1. Are there any pairs, at least 6 apart or on different chains, whose C-beta atoms fall under 7 Å, with the first in segment 38-66 and in contact (Cβ under 8 Å) with a residue 40 or more places away in the chain and among the basic types (Lys, Arg) and the second open to solvent by 70 Å² or more (accessible area, probe 1.4 Å) and in a helix (DSSP H, G or I), and if so, which?
2. Name every residue in segment 187-216 that is open to solvent by less than 30 Å² (accessible area, probe 1.4 Å) and basic (Lys, Arg), in order of residue number.
3. In segment 148-181, what count of residues is obtained for those that are touching a helix residue (DSSP H, G or I) at 6+ places or on another chain (Cβ under 6 Å) and aromatic (Phe, Trp, Tyr)?
4. Show the residue pairs meeting these rules: Cβ distance below 6 Å; 6+ apart or different chains; first residue within segment 6-29 and more than 20 Å from ALA166 (Cα to Cα); second residue assigned to a strand (DSSP E or B) and open to solvent by 20 Å² or more (accessible area, probe 1.4 Å).
5. PHE305 passes all but one of (1) surrounded by 14 or more Cβ atoms within 10 Å (Cβ to Cβ); (2) more than 19 Å from SER252 (Cβ to Cβ); (3) not polar (S, T, N, Q); which number fails?
6. Do you know which residues across segment 235-256 are touching a strand residue (DSSP E or B) at 6+ places or on another chain (Cβ under 9 Å) and either assigned by the TED database to the domain that holds PHE147 or of a type in the set (Ser, Thr, Tyr) (or both)?
7. Considering only strands (runs of 3 or more DSSP E) fully contained in segment 301-393, which possess at least 1 residues that are outside the structural domain of ARG259 (by the TED database)?
8. Scan segment 167-186 and give yes if some residue there is more than 16 Å from the chain's Cα centre (by Cα), under 27 Å from GLU109 (Cα atoms) and buried (at least 19 other Cβ atoms within 10 Å of the Cβ), otherwise no.
Amino acid sequence: MSPLSSLRVLDVATLFAGPSAAAMLGDFGADVIKIEHPRKGDPARGHGPAAHGAGLWWKSLARNKRAAAVDLSSADGQAILRELAARSDVLIENFRPGTLERWGIGPDELHRINPRLVIARMTGFGQTGPMAKRPGFGTLAEAMSGFASSTGEPDGPPVLPPLALADGIAGLAMAYAIMVALDARGQTGRGQVIDMAIIEPILGLLGPQVTAYKALGVLPQRTGNRSNSNAPRNTYRTRDGRWVAISTSAQSIAERVMRLVGRPELIDEPWFATGQGRVAHVEELDAAVADWIAARDSDEVIAAFEEAQAAIALVYDASDIVRDPQYQALGTFLTMPDEDLGEVTLQNVQFRLSETPGEIRWPGPAKGRHTDEVLGELGYGADRIADLRDRGVVA
């Protein structure tokens, strides 16, 4: 028995943040029904690389989900959602604030139908405030959170991440919020509404920037690959052209690194005893590490750091990741059958539970793959489904 197998989740969100939260629930057995527009589908299907016309990001994002294509802007589609909500535990949506209410299926109506329903609302800016009804994406959250302003080289422009970073963080946060709301329901018997703005969860990963500004009037500065908290911390090129990253967040690690690169005398300097002190002398420390690494091939560098019990890793691309023995030992990736590609390789569940492990049961399905199945569970007969299909309500 999977730990969440008793839950039914309606994923009526699009793109990344809300759907990623739903996928995490599906990893542990929740019956996730993905609702998409019959013609447009979820835009995530077209994001990123594709093979034989099938979006590869979609294969992971929609894993373990049953795909039903329903037009929620139509009266018949709204009736279908009401029937599904009546027998579901969670509904995840990311329409602009007021959209569900305009369709007559807002939280008040859904809770009238099912008081135990947890309604997770994921939007760029939340349900209230002067920006609430603006279109919002993770890129805007990465800009507004301070992430971009603190990322990049000191003399360069702000840098945005090359991935859906804010969306991913918000998805993780929403999965946690849903589990909290479900636990509260176990105590009260009632569902509730979760209001999450994508601009907020990423703030928590950026440290006490606002706290420091309010207390000290200081602002984070762009430092490239260096750190404001400790040194040396950077990427360094080896003699054979590979790049390695090192971290010295712990004082003992910083001391081991300096002994390894032949500069043990720096350890006795009073400033070396704190991360901030080392940051003030980062040029000297970085030069010592960079010169030592540049004179050696990557295999020798890695072996020496491991022997010294200092923290180091090669900078990987995807071709390195699939060959890495640590990822292989963890079972981080699995290859499974796929209806479009024959087989596909996906990242496995992100953590391992000793008693109730999660599982990826199938990759993201074709649009509408399970429409008939889902409607059949509601008691819709073949003729009624065919009529809805003919009228474009479902696909």
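The values are calculated or read from the model by the stated rules, or taken from the named source; none is laboratory data. Given the structure is predicted, the values throughout are model-derived calculations rather than measurements. A quick note on method: Cβ atoms are made from the backbone with ideal geometry, for glycine too, and the neighbour counts reach across all protein chains shown. Only protein heavy atoms, including side chains, enter the accessible area calculation; ligands, DNA and RNA are left aside. Shrake-Rupley method; radii C 1.70, N 1.55, O 1.52, S 1.80 Å.
1. Close Cβ pairs satisfying both conditions: ARG66/GLU373.
2. none
3. Going through segment 148-181 one residue at a time, the tally reaches 0.
4. Taking only residues 6 or more apart or on different chains, the pairs are ARG8/ASP31.
5. (2)
6. Once the filter is applied, which keeps residues that are touching a strand residue (DSSP E or B) at 6+ places or on another chain (Cβ under 9 Å) and either assigned by the TED database to the domain that holds PHE147 or of a type in the set (Ser, Thr, Tyr) (or both), segment 235-256 yields THR235, TYR236, THR238, SER247.
7. 333-338, 342-347
8. So far as segment 167-186 goes, yes, one or more of its residues are more than 16 Å from the chain's Cα centre (by Cα), under 27 Å from GLU109 (Cα atoms) and buried (at least 19 other Cβ atoms within 10 Å of the Cβ).
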